Amino acid sequence: MPRFPTATKSAAKGAAILAAATLILSGCAAGAQAGGDTEPVTLNWSFSLPTSWDPVTSSTGNDINTLSLVYASITQLDEKGDVIPGLAESWKYNDTGDAVTFTLRPGLTFTDGTKLDAQAVKDSITRGQTQDDSLITSQLAEIQDITVEDALNVTLHLSKVDYQLPYVLAGRNGEIVSPTAAANDASALPTNPVGAGPFKFESFVPESEAVLVKNPDYWRADEIHIDTLNLTVAADPSTVVQAVQSGSIDVATLDPSQIDQAKSAGLTVEVIKSLSVNALNINNTIAPFTDPAVIKAIRYGINRQELVDTLTYGTGSVSYQPFPEGYAAYNKDLENLYPYDPAKAKKILADAGYKDGDVTFAITTFSFTEAYAQLLQAQLAKIGITTTIDIVPAGSSTWQQKVYLDGRSAQLATDGTVGRESPVANLEATIGPLGLMNASRSATPEFIAALDEVRATPLDDPHYNEVLQNAVKIGVLQEINIPTYTSARVLVHSSVVSALPHYLSQVRWEGVTVDRSGN
């Protein structure tokens, strides 16, 4: 897979490829808008509002979809999840791999008119490291010092060799905030963001909607063909098809169960692969999961294909690892690692001295994933395990207390990851020694060494994928949690909206056109 790694020459080549693609997309867009139609273009997107409009205090990975409307990051990910230039047109590591210099594109500005230069990058990263309520401090911890070489060049000095940094800076961690706005009132940023992304923030009604207008100074502005983007909270799933059909919504997330209905209504449905992988977060510090035999039995007692067919209507896929097939980190050796075998699961429990009904526990789940928990409950009953379902309301802080924080009480939770820009960061979050999905807060020395080897391998090294996939295998075989299935991003839109770009990591709007001339 193509990557933009350690050398300026490689990154510059990638920038040229991206520029060529931009011209092609712009040409297509021009054709779509031909005919002299100069009316402002508005798009209504029903999705979700971010937990915070400040990337420093945003608390969920899903926020990247909305934060990237108003911010641009130092690097970005292409459709396959590989890192490519962003605000920085190139980067170059030193010979020892513990410092990297990013060269910014000339002429960048924030929507408040402030110059986006090397000093602004330093200020933004430093705020992410030091602000009291920052939620990205740990991801920037390896940056020990930042040197402004000149207006366009900024060097990040690292505590150790780490060639993953360009990946790390491709999302919230690398989204650059106006230093003027941050200095004036950083506390206002969660509701009044100032960035250099494709859109400028115009207005915001909490828990309702946000209005954004095109930013003519965005570095990819030629690819943005939407003048006003109205972002609203996700519509009731039962009304999505009717809302899009009526024109009150142009693009929305669609429950897979409604795909046939949407298509019958003449709407376009796009099933987009994503980095999202569902998993069971098992607390092995609480009975019955202090016994490895119970966890092993569950691995064989889960019918993953039934989960895919029932919950995703075939849009997802069976998974045994925290990455989807087709992504650089995906290890084929892990395919069908724990095939569905209820007889084997029952034997494992019997050999460990358990009779039917001896193993009992609660499945903690969100209200919107209750069907997932119910299906698991039925599957586990077939191998003699009795469960109850503990439902946590969507958006409740109870989840953090029960599942993630010290003193957590959840025995087994329906969890998962929407992915991280860096595959190493994703491994750390899901099965690393400090990962939220690792209740034991421990990992084998072999896995930790494997992660360090990935960090020490340049992204353009021909053995990079092999080293990365080896770390994935070692980590998964620690048996920290139980991956179950991947989830695709299912979007529905009317014919007035052109095809959407298919990015693994997020929803993007470059190249998207809206033509209402036929309405």
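The values are calculated or read from the model by the stated rules, or taken from the named source; none is laboratory data. In this text the structure is predicted, and so the values were computed from the model without any measurement. FYI the Cβ positions are ideal-geometry reconstructions off the backbone, even for glycines, and counts take in every protein chain you see. Heavy atoms of the whole protein, side chains included, go into the accessibility calculation; ligands, DNA and RNA do not. Shrake-Rupley method; radii C 1.70, N 1.55, O 1.52, S 1.80 Å.
Key figures for this structure:
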quantity	calculated
Spin-label proximity, Lys382 to region 334-349 - amide N less than 11 Å from point 7 Å beyond Cα toward beta carbon	340-343
Loop sites in region 116-160: trypsin sites (Lys or Arg not before Pro), DSSP, at most 14 other Cβ within 10 Å	Lys160
Heavy atoms of Thr42: accessible area, 1.4 Å probe, square angstrom to 10	50 Å²
Carbon plus sulfur fraction of accessible area for the chain, probe 1.4 Å, in percent	52 percent
Relative contact order computed over the chain (Cα-Cα under 8 Å; 6+ residues apart), in percent	20 percent
Residue-level accessible surface for Asp217, protein heavy atoms, 1.4 Å, Å²	90 Å²
Förster-model FRET efficiency, 22 Å R0, Thr96 and Asp461, C-beta, rounded to 0.05	0.90
Region 188-325 - accessible surface per residue (Å², probe 1.4 Å)	40 Å²
Region 263-385: relative contact order as a whole-number percent, Cα under 8 Å and 6+ apart	30 percent
Solvent exposure ordering (accessible area, 1.4 Å, most first) of Phe199, Phe366	Phe366, Phe199
Helical mean residue ellipticity (222 nm; -39500 (n - 2.57) per DSSP H run of 4+; nearest 500) of the chain	-8000 deg cm²/dmol
Listed residue (Ala499, Pro433, Pro423) projecting farthest to the positive dipole end of region 384-506, Cβ model	Ala499
Global geometry of region 243-374, whether rounded, prolate or oblate, following the gyration tensor of its Cα atoms and the 1.5 cut on a/c	prolate
Cα-Cα over 22 Å, subset of Lys115/Lys214; Lys92/Lys214; Lys160/Lys473; Lys122/Lys160; Lys214/Lys273; Lys296/Lys347	Lys92/Lys214; Lys160/Lys473; Lys214/Lys273
Region 325-405 - charge dipole about Cα centre, Lys and Arg +1 at Cβ, Asp and Glu -1, debye rounded to 20	160 debye
Rg(Cα) / (2.2 N^0.38 Å) computed for region 108-259, rounded to two decimals	1.26
Counting all C-alpha pairs of region 261-328, share separated by more than 15 Å (%)	66 percent
Which labelled figure in (1) 72, 59, 42; (2) 84, 49, 47; (3) 91, 79, 59 is Cα extents along the principal axes in Å, once derived from the coordinates	(1)
C-alpha long axis of helix 118-130 to longest principal axis of the chain, angle in °	30 degrees
Theoretical FRET efficiency, 1/(1+(r/R0)^6), r = Cβ-Cβ of Asp112 and Asn470, R0 56 Å, to 0.05	0.75
Sequence of Glu207, Glu479 when ordered by accessible area, the most exposed leading, probe 1.4 angstrom	Glu207, Glu479
Cα-based Rg and Dmax for region 473-519, where Dmax is the largest Cα-Cα distance (Å)	18.3, 57
Cα-based helix-to-principal-axis angle, 292-301 vs the chain, degrees rounded to 10	70 degrees
Gyration tensor (alpha-carbon) shape descriptor, region 287-358, a/c threshold 1.5	prolate
About the Cα centre, charge dipole magnitude for the chain (Lys/Arg +1, Asp/Glu -1 at Cβ), debye	940 debye
Difference of contour (0.36 nm per residue) and Cα-Cα distance, Ser187 to Ala394	72.0 nm
Between 0 and 90°, nearest 10: helix 464-476 axis offset from the chain longest Cα axis	40 degrees
Segment Asp406-Arg516, length gained on full extension (0.36 nm per residue, minus Cα span)	34.3 nm
Inter-probe distance in nm under a simple model that places probes 7 Å from Cα toward Cβ, at Asp255 and Ser159	4.6 nm
Sequence of Thr130, Thr137 when ordered by accessible area, the most exposed leading, probe 1.4 angstrom	Thr130, Thr137
Peptide ranges 456-463, 139-146, 351-358 listed from the most packed, as the mean C-beta count within 10 angstrom indicates	139-146, 456-463, 351-358
Solvent-accessible area of Ile391 with every protein chain in place, 1.4 Å probe, in Å² to the nearest 10	80 Å²
Shape of region 340-381, Cα gyration tensor, a/c cut at 1.5	prolate
